[in-house]
C-alpha cells in the first residue's frame, strides 16, 4: 500500500509541475499586456516590465516563479488590486467558495446516493419513476435557474434566508447557493448509483452472497453498495473541484465574493499572476482529490491496488 501511495504522490507532483509550466507559457503567449493603459508611454511600460521582472527570459521568470511559489509567494496583482499580494486576495475569497462548495457536495452526494438506492431497490415502481424524474430535472436545468427560483421563493417571498450573501450571517447566506449548486451533483450521483446498483444486484457475486444466507441491510450496504462505489467516486471527484472553486453565475446572483468572479476579472485584465495562481490552486485541488480517489480505489478494491503495483 505504501508503494502504491508513493507512486501516486510522485506522479501527482510531476503532473502539477507540468501544468504550471503550460499555464505559464500560455499566459505569456496571450495577446496584450498587463499594462494596456493608453496613458502609459513605451518607456513607462518598460519600467513596469523591469520592475516586475517581465523583461527577463521566460525560463528565468518560470524558475523564479516556482521558487517563490514554493515559499507561498504567488506575486502581486498587476491590475485588479495593484501591488496587493495575491495570497491576500485569494485568502479572503477562497474559504467562501470552498465552504459553499463543500456544503453543495455533501448535500448533493448524500441526497443523490439515497435517491439512487431507492430507485435501484424499487426498480420499475412509482418510486423509481419519481427519483428518475428528479434526476433528469437536476441534470437538465442549469444551477442558475435553481438559484433564481430559490432566491425568489425562499429569499424574497418567504424570507427564510438572505437573498444576498452577508459576511455577518455566513451560515444562512450559504444555504441557497449550496442547494442550487448541489442539484447537478445530486442528479448525477443518483443516476450513476441507480445504474451501478442495478448491475451489481443482478450480478453472480450477489447471487452467491444471497445463497450463503446474507440478506437485508448487510447485503445491500456491505456488498452491493461497496462494489458500486468505485464508478460513483469517479463521477463525484471532478464535481467536487467544480463546486468548491465556485460557480460564477451563482456567485453573481447571490453577490458572493468568491474566486469565480476574481478569475474572470483577472483574465479580462491580463493579470497574469492572479490567473496562474488561481489556475494552480484549481489544478492542485483537482490532483489532490484524484489522488485521494486513487487511494480509495485501492482501499475499496484491493485488486486495483495490486494490479497497479505490478505495472
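All of the numbers you see were taken from the coordinates with simple rules; none came from a lab. Being a predicted model, the structure only gives us computed values, none of them experimental. Ideal geometry is used to build each Cβ from the backbone, glycine not excepted, and the neighbour counts take in all protein chains shown.
Sequence-distant contacts, meaning Cα pairs under 8 Å at least 6 residues apart, place the relative contact order of segment 99-270 at 34 percent. Put a dot 7 Å past the Cα of residue 140, heading toward its Cβ, do the same for residue 169, and the two dots end up 3.5 nm apart.
FRET efficiency for the residue 114 to residue 208 pair, using the beta carbon distance and R₀ = 22 Å, is estimated at 0.25.
For the pair residue 248 and residue 157, the difference between a 0.36 nm per residue extended length and the Cα-Cα distance amounts to 30.3 nm.
Rg/Rh, computed from the Cα trace of segment 99-270 with Rh as the Kirkwood radius, has the value 1.08. With a bin width of 20 angstrom, please list the P(r) values of the chain as percents of all Cα-Cα pairs, from the 0 bin to the one holding the largest distance. For the chain, the binned pair fractions read 26, 48, 23, 3, 0 percent. Using the Cβ-Cβ distance between residue 121 and residue 199 with R0 set to 22 Å, the FRET efficiency from 1/(1 + (r/R0)^6) comes to roughly 0.95. Annotation: extensible slack from residue 265 through residue 129 equals 44.6 nm (criterion: 0.36 nm per residue apart, minus Cα-Cα distance).
The angle separating the long axis of helix 126-140 from the principal Cα axis of greatest extent in the chain is about 10 degrees.
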